[in-house]
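J.: Sharing a structure, written as C-alpha cells. Questions coming.
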Amino acid sequence: MLCVIPMHVAIIDGDVSYPANSGKRLRTLNLMLQVARRHRITYVGRCAVDSEEWRAAPAFLREHRIEPILVPDPVPQKSGLAFYARLFANLFSSQPYSVTSHYSEPMRQAISEFAKQDRVDLWQLEWAPYLAMVDAALPGPRVVIAHNVDTLIWQRYYENELSFFKRAFLKTQWQKFRRFEEDAFRQATRVVAVSEEDARLIRIEFGQPNVDVVDNGIDRAYFENVQESRDARRILFLGALDWRPNLDAVDLLLDKIFPRVQVQESTAKLVIVGRHPPDELVERTRNAPGVELHADVADVRPYLAGSGVMAVPLRIGGGSRLKILEALACGLPVVSTAVGAEGLLLKPNEDYVQADEDAMADALVQAIRNPDAMRALADHGRRIVLDTYDWSVLAKKLEASWEKCSACASST
C-alpha cells in the first residue's frame, strides 16, 4: 500500500486544463483533482486574458484545493503571416518549431517569482519543453509527463506524407525532436509515460532509466451509467480537431473510408465530434451527404450513447487514446487501427475490432450489420476499462512516482 507523504507540488502547463475539452486536458485535470486531496498543488498555466480558461479556471481550481497562477501569454496561433515567418526562422534553429514557439519568458518569470515566495517539494512539467521555464538553480526534483513521445509522432508524420517538400520539413522536425527529447528526458529526475510502449522507447532510445507508467484513464462514475440509445448506422469519430493526427484521421475517413461504407450501407452516418475544427473542415462537412460535425460540445456522452460504433483510423500518434477508453466505458463498440489502440491493455478482436485503413470500411460495414456481435466485444472491453483505468487508481501510480523522485532527491 502506498504511504502518501504530503508534498507541495508545482504543476507547470502550457495549455490550461480547464475546461477539459481534449484528451491531454482531461488527463492533466483529472489526475490533479485526485492528488489535490492529499497534496498541496500549485498550478501554473498560460492562456489569453479574454479566454474561457482565464475566466473559468481559477474559481474551479480553487474550489478543488488547487492554487492557480495563470500567465497572460498564450501560445502563438498557427495561422497568418507571423506563423509562417516563425516557421521560416525555425529552419535555422537547432530546436523543433513546437519547442521554440512554446517558450515563454513571462511564464519563466512568473515561476521564478512564485518560487521566491514558496518552497516547492517537486516540479511536474506537463510537457518536456517546459523544463526550460524552471530555472536550473531552483531546488526540487523534476518529473516530466510524456503525454506522447513527440519523436515518434513526427516520424509518423514523415512516413505518411506524400509531398516531397513537406516530407523534407517533417524529417528535419523529427530529427530535431529526437535530439531535443534525448536531452530533456535525461535532464528530468523521472519521466512518466502513458504506456509501456512509450516507457520502453524512453529507456532504450533516449537513455532515461527512471521511467514510470501512469496510463490515461476515465472517470468511471461519469461514464458507466450512460443511458444507451444506439443507432447502429451512426459511426462516431471523437477527438480534438486542432491536433494534426486527428485531422489526418478525419481526412482519411472523409476521403476513403466513409465513401466506401456508403456504397454498401447508403443510410450510414458519420458523426464527427471535437473541439476547434479548422474552417476548411467546417466548410467541407457542411453539405457532405451523411456527415455531421459537432464542434466544441459541452458533453460527449450523448454522442457516445447514441452511436453504433466508434471509428479510430489513426495512423499518426503516440501515447494512448482516451477516446477508446471513454467509448468502451459507455459500452460503445470500437473499430481501430493498431496505432489507434496502441498503449492500451486491450486485445484486438476480443475487446475491439482492429482494422488497418484499407480494411476499416469493411469492418465498419460489418459493425453496422452485426450490432449484437459488436456489443459482445464492447462489453468485454468495458469490464477491463472500468476496473483498470479509473483516475483514482491511476493517481496512486503518479504519487508512487513522486515518492521515488522525493527519495532520490533526498539521497543526493
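J.: Rank the residues 212, 387 as a footprinting-exposure proxy: fewest other Cβ atoms within 10 Å of their Cβ go first.
T.: 387, 212
J.: Also, quick follow-up: Work out the length of the dipole vector of the chain about its Cα centre, built from +1 on the beta-carbon of each Lys and Arg and -1 on the beta-carbon of each Asp and Glu, and round it to the nearest 20 debye.
T.: Details: 50 positive and 55 negative charges, 77 e Å.
Dipole size: approximately 380 debye.
J.: How would you rank 144-157, 322-335, highest first, on the average number of other Cβ atoms within 10 Å across their residues? It would help to have the intermediate numbers written out before the result.
T.: Details: 144-157: 23.0, 322-335: 26.4.
Listed from highest to lowest mean packing, they are 322-335, 144-157.
J.: Sorting check: for 343-354, 371-382, which peptide has the highest mean count of neighbouring beta carbons within 10 Å, and how do the rest follow?
T.: 343-354, 371-382
J.: Which of rounded, prolate, oblate describes segment 220-388, given a ≥ b ≥ c as roots of the alpha-carbon gyration tensor eigenvalues and a/c under 1.5 marking rounded, otherwise prolate only if a/b is larger than b/c?
T.: Rounded.
J.: Starting from the Cα gyration tensor of segment 73-220, take the square roots of the eigenvalues, sort them a ≥ b ≥ c, and report rounded, prolate or oblate (rounded when a/c is under 1.5, otherwise prolate if a/b is larger than b/c, else oblate).
T.: The shape class here is oblate.
J.: Still on this model: Quick one: Karplus J couplings for segment 219-229, per residue in order, coefficients 6.51, -1.76, 1.60, θ = phi - 60°, nearest Hz, x for Gly and Pro?
T.: Per-residue couplings from phi come out as 8, 4, 5, 6, 10, 5, 9, 4, 7, 6, 9 Hz.
J.: Explain nothing, just compute: Karplus ³J(HN,Hα) = 6.51 cos²θ - 1.76 cosθ + 1.60, θ = phi - 60°, for every residue of segment 387-397 in order, whole Hz, x for Gly and Pro.
T.: Computed from phi, the couplings for segment 387-397 are 7, 10, 10, 6, 4, 5, 6, 6, 4, 5, 5 Hz.
J.: Read phi for every residue in segment 65-81 and hand back ³J(HN,Hα) as whole Hz from Karplus 6.51 cos²θ - 1.76 cosθ + 1.60, θ = phi - 60°, with x for Gly and Pro.
T.: 6, 10, 8, x, 10, 9, 9, x, 8, x, 4, x, 5, 9, 7, x, 5
J.: Let me ask something additional. Describe numerically, in nm with one decimal, the distance between label points set 7 Å from Cα along Cα→Cβ at residue 296 and at residue 383.
T.: With each label point 7 Å from Cα toward Cβ, the separation is 4.2 nm.
J.: Project the alpha carbons of the chain onto their principal axes and report the range along each, largest first, in whole Å.
T.: 64, 51, 43
J.: Quote the relative contact order of segment 220-388 in percent (integer), defining contacts as alpha-carbon pairs under 8 Å separated by 6+ residues.
T.: 26 percent
Bear in mind that the values in this text are calculations on the coordinates, not laboratory data. In this text, all values refer to a predicted model and were calculated from it rather than measured experimentally. Positions of Cβ are generated from backbone atoms using ideal geometry, with glycine treated the same way; all protein chains shown enter the neighbour counts.
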